[in-house]
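Asker: Take a look at this one; I'll ask things after.
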Amino acid sequence: MTKKILFLHGFFASGSCIPAQALRQAFTGEAEVLTPDLPLHPKEALAFIENICKQEKPCVLVGNSNGAFLAQIVASRLGLPALLGNPYLEMTRFLIERIGLHEYKSPRADGHQQLVIDQSLIDEFAEVQAHQWDNSRPELSDCIWGLFGENDHLAHFEPLFLQHYTHAYHFPGGHTPTAEEVREYYVPLVEKLMNHNQSLK
């Protein structure tokens, strides 16, 4: 059976973003990398991700930024391994400074390239954020890992991550990894997590 990896993109990105493409290419012939466009609203996104997990049974989740925020919640609920790249664990901070109309930075499959950040979206994220650690537990520490860019000037949540998990890795990049950084730093950790997951079964 083909191994599957589920990649969850950042807030302004889509399933066709550079990190998603790089991950797909890196695992050609080894694993199928699923890179769906995520719904804008976090509750809908979480239900969507959980549904994919139940149908596709990925062996690991990989998230970046808001995708890593969502990945932690789903991975801890379902007991799945996850690599959280620069997790934006307090999304309300990000959104409050960006109220208004925005464009997605990479093409979405449905062709809708605009999104609106408003107070109702911020309130929904606040509610999800308040419960994001509800399912985190010590035994998940071995399979939910964080990867933090040393030049990430957007998200600074490693201390918060380390209150709940123990495996924190670093790479010399910014908030959104380049294709080269995905290949060099993300891929080896994803492979390690996949092997770790196999050894637990």
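The values are calculated or read from the model by the stated rules, or taken from the named source; none is laboratory data. Treat the numbers as computed from the prediction; the structure is a model and nothing was measured. Cβ: placed from backbone, ideal geometry, glycine included. Neighbour counts: every protein chain shown. Protein only, heavy atoms only, side chains kept; ligands, DNA and RNA dropped before computing areas. Shrake-Rupley method; radii C 1.70, N 1.55, O 1.52, S 1.80 Å.
Asker: Tell me, which helices (runs of 4 or more DSSP H) lie completely within the range 1-114 with 3 or more residues that are in contact (Cβ under 8 Å) with a residue 12 or more places away in the chain, within 18 Å of THR176 (Cβ to Cβ) and open to solvent by 10 Å² or more (accessible area, probe 1.4 Å)?
Answerer: Where helices (runs of 4 or more DSSP H) fall fully within the range 1-114 and carry at least 3 residues being in contact (Cβ under 8 Å) with a residue 12 or more places away in the chain, within 18 Å of THR176 (Cβ to Cβ) and open to solvent by 10 Å² or more (accessible area, probe 1.4 Å), they are 18-26.
Asker: If I filter the range 160-179 for residues that are among the polar types (S, T, N, Q) and more than 15 Å from SER76 (Cα to Cα), do I get at least one hit?
Answerer: So far as the range 160-179 goes, yes, one or more of its residues are among the polar types (S, T, N, Q) and more than 15 Å from SER76 (Cα to Cα).
Conditions tested, residue by residue: (1) aromatic (Phe, Trp, Tyr); (2) over 19 Å from SER14 (Cβ atoms); (3) modelled with pLDDT of 95 or more.
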| site | (1), (2), (3) |
| --- | --- |
| LYS54 | no, yes, yes |
| ILE73 | no, yes, yes |
| THR92 | no, yes, yes |
| ARG98 | no, no, yes |
| TYR104 | yes, no, yes |
| GLN113 | no, no, yes |
| SER120 | no, yes, yes |
| PHE125 | yes, no, yes |
| ASN135 | no, yes, yes |
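Asker: Just need a number here: residues in the range 117-145 that are assigned to a strand (DSSP E or B) and more than 13 Å from SER76 (Cβ to Cβ).
Answerer: 1
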